[in-house]
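Asker: If you scroll down you'll find the structure; I have some questions about it.
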Amino acid sequence: MQLSRIAVAGASGLIGSALTRSLTADGHEVVRLVRREPRKETEVRWDPEAGRVDTAGLAGCDAVVNLAGAGVGSRRWTDAYKKRIHDSRVNGTTALAKAVASLDKPPRVFVNGSAMGYYGETGDRIVDENSPAGQGFLPELCVEWEGAAAPAQQAGVRTAFTRTGLVVGRGGGAWGKLFPLFRAGLGGRMGDGRQYWSFIALHDEVAAIRHLLATDGLSGPFNLTAPEPLTNREITEAMGRVLHRPTLFTVPAPVLRAVLGEMAGDVLGSARVRPTRLLESGFTFAFPDIEGAIRAA
């Protein structure tokens, strides 16, 4: 990728912070979208829930990456928090897509976040980008979330969606919670452990986003998951091997449901997702196996 100016929404999150570090290290200028008053020339004010963006700050950007959104696993899914999850993604994407479309010289590419939650519960069935959306809160959210990027697409901006799996990283997400438990010897399978978890190393997540930014012609949905999803039991055993800790504990499904409420369905559900289009585009994973991904984190 030639040196360029790239706007990133959600730059303070697990993926966004890693992406901005990677881009900056390679000499790209990163413009961060912030909710407070900007303190630097490389910051742009926006309010995703209210659908407002300082469009002038995006002028001259070659690419826009939207990774913003309230954390799905941050707290129990009350009706109020589900609305916040929805609005932070759908309203924010709509605002950015409209801002991008309104520019006299739009960016070359718009990469918008999405999630493997698009497919819902898949059981043992393998799904890829050609598979239909599932049913429930997360699938319906993902469909609306991706649809909100329509203004950018209609303006002729190449638009790609990152249907991200469970990111193996220390700084947040599912593994940000799992690592301390396993290091303390309290890790174990969840439910019966037969549900598939489609994971991706944080390094590969960032590399895949950069691949989508840099490769002309790539548009539409891309599953950002390792080539071979594993069961929760297999991942639990791998965590024990790498961290040299026992994995004797089991969290029964009824306990998870009592503690997490509706969100427990996402933990106990099975998502056997493969990155068919990403692999076909020529992307190579640095950490395709779970032990490598855990060690990298």
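The values are calculated or read from the model by the stated rules, or taken from the named source; none is laboratory data. Remember, predicted model here, so these are calculated numbers, not experimental data. Note that we place each Cβ from the backbone using ideal geometry, even for glycine, and neighbour counts take in every protein chain shown. Ligands, DNA and RNA are excluded from the accessible area calculation, which covers all protein heavy atoms including side chains. Shrake-Rupley method; radii C 1.70, N 1.55, O 1.52, S 1.80 Å.
Asker: Among Pro132, Pro180, Ala97, pick out the residue whose Cα is farthest towards the positive end of the charge dipole of the chain, where Lys and Arg carry +1 and Asp and Glu carry -1 on C-beta, about the Cα centre.
Answerer: Of Pro132, Pro180, Ala97, it is Pro180.
Asker: Next question, about the same structure. Once you have a ≥ b ≥ c as the square roots of the Cα gyration tensor eigenvalues for the range 81-131, tell me rounded if a/c is under 1.5, and otherwise prolate or oblate according to whether a/b is larger than b/c.
Answerer: It is oblate, given that a/c is not under 1.5 and a/b is not larger than b/c.
Asker: Under the √(5λ) rule applied to the eigenvalues of the Cα gyration tensor, what semi-axes describe the equivalent ellipsoid of the chain? Give them in Å, descending.
Answerer: One finds semi-axes of 32, 20, 18 Å for the chain.
Asker: For Gln2 paired with Glu234, estimate the spin-label separation in nm (one decimal), with each label point 7 Å from Cα along the Cα-to-Cβ line.
Answerer: 4.3
Asker: Let me see the pair-distance distribution of the range 1-44: every alpha carbon pair, 10 Å bin width, integer percents in order.
Answerer: Bins of 10 Å from zero give 31, 56, 12, 0 percent of pairs.
Asker: Turning to a different aspect of this structure: Once every DSSP H run of n ≥ 4 in the chain is given -39500 (n - 2.57) and the sum is divided by its residues, what mean residue ellipticity at 222 nm do you get, rounded to the nearest 500 deg cm²/dmol?
Answerer: Result for the chain: -11500 deg cm²/dmol, rounded to the nearest 500.
Asker: Another question, then. Would you mind telling me the share, in percent, of accessible area of the chain contributed by carbon and sulfur at probe 1.4 angstrom?
Answerer: 51
Asker: Here's a follow-up. Modelling each spin label as a point 7 Å along the Cα-to-Cβ direction, I'd like the Ala286/Ala155 distance in nm, to one decimal.
Answerer: 3.2
Asker: Run the quick spin-label model on Arg108 and Leu279: label points 7 Å from Cα toward the beta carbon, then report their separation in nm to one decimal.
Answerer: 2.8
Asker: Ok, one more. Consider a paramagnetic label point 7 Å from the Cα of Leu186 along Cα→Cβ; state which residues of the range 214-232 have an amide N under 19 Å from it.
Answerer: Label zone hits: none.
Asker: For the chain, what does the accessible surface come to per residue with a 1.4 Å probe? Please give it in Å².
Answerer: Heavy-atom accessible area per residue stands at 45 Å².
Asker: Give, as ranges by residue number, the residues of the range 42-64 whose backbone N falls under 18 Å from the point 7 Å along Cα→Cβ of Ser219.
Answerer: Flagged as within label range: 62-64.
Asker: What three numbers, in Å, describe the spread of the alpha carbons of the range 1-81 along their principal axes, ordered from the longest?
Answerer: 44, 25, 20
Asker: Taking 0.36 nm per intervening residue step and subtracting the Cα-Cα distance, what contour gain separates Phe249 from Tyr81 on full extension?
Answerer: 57.5 nm
Asker: Treating only the Cβ of Lys, Arg, Asp and Glu as charged (+1, +1, -1, -1), what charge dipole size does the range 71-212 show about its Cα centre? Round to the nearest 20 debye.
Answerer: The dipole of the range 71-212 has a size of about 520 debye.
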